[in-house]
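Participant: Can you read through this structure? Questions will come right after.
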Amino acid sequence: MTRARSTVVTLLIVVFQLVCTSSLLAQSNSALAEFIEEGSVIKDRLWRQVEIKLNLSQQVPYRVYVQSSPNRVLLEFGSVNFQGFSDTKLLSSKRVRNAETSVLPNGWSRLSLELTKPFAVTSAEMKRDANTEKATLSVWLGPVTEEEFKDLVSPYNEEENYTVTAEAETKNGLSHTKRVRVVLDPGHGGEDPGALAGNLKESDLMLRLALEIKEALLRAEIFDVFLTRTDDRFVSLRDRVEFATEHQADLFISLHADAIDKGVAYGTTVYTLSEKASDELSETLAHEHDRASLLVGADLTGAEDTIADILIEMASTETLPRSEALAEGMIEELLFELGSVNAKPLRKAGFSVLKSPDIPSILVEVGFLSTQSDLDNLIDPIWRNKFVNGFRNALVKWVDKDTADAIRRRQ
């Protein structure tokens with residue numbers, strides 16, 4: 001399969017739902033966001049890109065993804081009044097054939113843009129003006145091949161009920177009633193870029209991946225997702241752990257893509273906490289992660305060695321087995337989606353960022369920037385999409401199993 005050009009930072013199937021307040025979600029039809037024609041555009045840009053900019057009277061939840069037959073990009077909102085919308089005034093792109101608006105059975109509003117050629121969503125972001133409360137959705141499309149476009153097409157049915165998706169169903173047909181709070185931790189940031197490969201930084205790659213994972217988890221409708229950082233800034237190891245505690249996380253997952261100086265390492269590896277590393281490489285990586293934090297003046301964990309030992313002992317009684325179950329499920333689902341992972345995919349090490357005693361925590365080494373095949377994967381949107389699917393499926397299945405295990409523990 002050909003690879004989408006690396007200059008296009010493609011998010012693939014972007015199904016991006018903003019986390020809005022309950023009052024926003026409960027607004028009546030009389031308080032829908034209004035589409036603002038002034039300043040809104042759909043126009044061609046350099047490098048065969050398409051810019052979509054929609055101005056709205058207020059911020060609303062939204063999703064953006066692509067569909068085929070015909071090839072089109074769908075922008076869905078909860079909800080927008082498109083009364084008076086005119087594609088002749090808005091549309092000035094030769095790469096978009098027409099634009100149509102409609103109201104979905106679930107009350108959401110849809111803008112459908114038929115494409116003359118296959119495109120992928122390269123970015124999608126809604127920004128709110130704090131002074132006027134108005135919002136702007138900015139979406140960029142980049143060209144891909146027909147074959148690549150087929151891999152991007154959303155697997156979700158057109159008539160999908162967004163209240164409870166298939167991902168929110170358990171194996172026995174029951175839906176989860178408690179939302180699971182997930183903290184994603186994109187490694188490094190700011191003055192600590194992590195591993196480097198040319199002009200690529202581990203911190204940037206992991207932030208992009210974390211945002212893609214967040215979008216997929218929000219689509220599953222059973223997760224609330226929080227990121228320890230949403231831009232390129234430094235966050236100490238202690239602050240990352242405290243962030244998870246403050247947000248009452250049910251799961252904490254740290255994302256990394258390291259580089260090694262000696263030997264060759266490749267493929268995804270998942271770590272759980274252990275006082276003793278499972279191997280020399282794991283011990284080296286844990287040391288380097290902690291050392292990077294110290295080099296920029298951060299307190300590693302705020303705990304003496306004795307306290308750290310107590311935390312590990314506390315975690316091992318109940319939290320650690322749950323972490324290990326998540327790690328095993330993560331590898332299983334990633335192997336299914338990707339076809340290969342690291343030869344020794346499950347490992348243990350004393351990563352300080354995993355030392356929350358009451359929160360199941362894992363660290364995922366997505367790949368190694370020092371290995372060209374892994375680097376190619378990390379900048380390949382097709383591979384990342386498979387990774388995100390496996391990641392999401394692992395969490396959904398873990399929630400199902402962990403819920404059943406909790407019931408058994410109480411009996």
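Bear in mind that the values in this text are calculations on the coordinates, not laboratory data. Quantities reported herein were computed from a predicted structural model and do not represent experimental measurements. Methodologically, a virtual Cβ is constructed for each residue, glycine included, from the backbone with ideal geometry; neighbour enumeration extends over all protein chains shown.
Participant: Take the residue pairs LYS117/LYS386; LYS262/LYS348; LYS94/LYS386; LYS89/LYS127 and return only those whose Cα atoms are more than 28 Å apart. Walk me through the numbers on the way to the answer.
Facilitator: Details: LYS117/LYS386 23 Å; LYS262/LYS348 20 Å; LYS94/LYS386 31 Å; LYS89/LYS127 23 Å.
Exceeds cut-off: LYS94/LYS386.
Participant: If packing is taken as the mean number of other Cβ atoms within 10 Å per residue, what is the order of 75-85, 55-65, 130-140, highest first? Write down the numbers at each step before the final one.
Facilitator: On the way: 75-85: 19.5, 55-65: 21.7, 130-140: 15.5.
Averaged packing, sorted descending, gives the order 55-65, 75-85, 130-140.
Participant: Given points 7 Å out from each Cα along the Cα-Cβ axis, report the GLU51 to LYS127 separation in nanometres with one decimal.
Facilitator: Inter-label distance under the simple model: 1.2 nm.
Participant: Cross-link list LYS134/LYS201; LYS43/LYS134; LYS53/LYS201: which exceed 32 angstrom alpha carbon to alpha carbon? Could the numbers behind the result be given before it?
Facilitator: Numbers: LYS134/LYS201 34 Å; LYS43/LYS134 22 Å; LYS53/LYS201 29 Å.
Exceeds cut-off: LYS134/LYS201.
Participant: Just in region 205-235: which trypsin sites (Lys or Arg not before Pro) are loop by DSSP and have at most 14 other Cβ atoms within 10 Å?
Facilitator: On the way: sites: ARG208, LYS214, ARG219, ARG229, ARG233; in loops: ARG229, ARG233.
Qualifying residues, ordered by number: ARG233.
Participant: Between ASP261 and ALA404, what is 0.36 nm times their sequence separation minus the Cα-Cα distance? Round to one decimal in nm.
Facilitator: Details: separation 143, 0.36 × 143 = 51.48 nm, distance 4.36 nm.
Full extension from ASP261 to ALA404 adds 47.1 nm.
Participant: Ordered by packing density, taken as the mean number of other Cβ atoms within 10 Å over each peptide's residues, highest first, how do 192-198, 114-120, 179-185 rank? Display every interim value, and only then the final one.
Facilitator: Details: 192-198: 17.1, 114-120: 19.3, 179-185: 21.7.
Listed from highest to lowest mean packing, they are 179-185, 114-120, 192-198.
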